[in-house]
1. Report every pair of residues separated by at least 6 positions or lying on different chains whose Cβ atoms are under 6 Å apart, first residue within the range 154-175 and on the phi < 0 side of the Ramachandran plot, second of a type in the set (Ser, Thr, Tyr).
2. From 136, 105, 86, 62, grab the single residue that is under 27 Å from residue 195 (Cα atoms), in contact with an Asp or Glu (Cβ under 8 Å, 6 or more places away or on another chain) and of a type in the set (Ser, Thr, Tyr).
3. Among the residues of the range 131-144 satisfying the criterion of being in a helix (DSSP H, G or I) and touching a residue at least 40 places away in the same chain (Cβ under 8 Å), which is farthest from the chain's Cα centre (by Cα)?
4. Do you know which residues across the range 154-199 are modelled with pLDDT under 85, under 24 Å from residue 59 (Cα atoms) and not in a helix (DSSP H, G or I)?
5. Provide a single number: the residues in the range 79-105 that are over 18 Å from residue 42 (Cα atoms) and surrounded by 10 or more Cβ atoms within 10 Å (Cβ to Cβ).
6. Answer yes or no as to whether residue 80 is among the hydroxyl-bearing types (Ser, Thr, Tyr), in a loop (DSSP other than H, G, I, E, B) and either in contact with a Gly (Cβ under 9 Å, 6 or more places away or on another chain) or at pLDDT 90 or above (or both).
7. Just a yes or no: is a residue in the range 163-182 under 30 Å from residue 54 (Cα atoms) and acidic (Asp, Glu)?
8. Can you spot a residue in the range 108-116 that is over 30 Å from residue 61 (Cβ atoms), assigned to a loop (DSSP other than H, G, I, E, B) and either under 23 Å from the mean Cα position of the chain (by Cα) or hydrophobic (A, V, I, L, M, F, W, C) (or both)?
Amino acid sequence: MGVTRRDFLRISAGAGAGTALGGLAALGVSLAPARARAQELRIKHAATIPSICPYCSVGCATLIHVKDGELINIEGDPRSPLNEGTLCPKGAAIYQLLRNPNRPTKVLHRRPGEREWRVVDLEWAMDRIAELVKKTRDETFIERLTPSPDRPNAPGRLVNMTPAIFLLGGATLDNEFNHICQKFGRGLGIVAIENQARI
C-alpha cells in the first residue's frame, strides 16, 4: 500500500504537533490552563441547568449547558458527592441522545423475505407489534404445568407464563421506564426478562 503525498503531510503534521506538545510538557509547561480556558469559552454565556444522568440508579449529577435554547454541552457536576464531576462512558455520551446524526428518526419495517427496509407509519408499527405479541402469547400461554406422574389426578402447578417471548430492556432507557417495561412483561407472563446493560 503506497502512501500518498497528502497522507505523508497529514502524518508529518500530526507527529510534529504531538512532538511539540510533548516537548512543552517535558519542559514543565502545563496545558491545563489552556484546556480550562478553551472549555470556558465553549460554554460562555450559556445557562447551566443541574440535572441527573438518566441511565443507571446511581444518580450521577450533571450540568446541562444551554445557549439560545439549544443544548451545547453536558458534563458531570463537580459539586456532587456521588460522582464528583465524573461520568461513566454511558453518562459521558448523554449528549448523543439528542445530537446524533446516526439516530433513526423514522420507523423502518422489512417484510419477511424482502431485502429492503421501508418507512412505515408509527401507528401501524405499534398496532402490528401489539397484534404479534397477542398472537404469540395466545398460542404459547401455559396456565399450569403437566401434573407429576406420582400424582396424576392433582392439578399441575399454576405458572401463567409464555416461554415464546423475550423482553429486553435497554441501557439508554431510564430506570423508571425499564421498571414499567419489566412490570408489563411480567403481567403478560413473560419470564425471559433481561437488560442489555447486563449482557
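The values are calculated or read from the model by the stated rules, or taken from the named source; none is laboratory data. Just so you know, these numbers come straight off a predicted model, no measurement behind them. Here the Cβ is made from the backbone with ideal geometry for all residues, glycine too, and neighbour counts use every protein chain on show.
1. 156/146; 162/140; 164/136; 164/140; 165/136; 175/57
2. 62
3. It comes out as 137.
4. Once the filter is applied, which keeps residues that are modelled with pLDDT under 85, under 24 Å from residue 59 (Cα atoms) and not in a helix (DSSP H, G or I), the range 154-199 yields 169, 170, 171, 172, 173, 174, 195, 199.
5. Looking only at that region, the number is 13.
6. Answer is yes for this residue.
7. Yes, the range 163-182 contains at least one residue that is under 30 Å from residue 54 (Cα atoms) and acidic (Asp, Glu).
8. no
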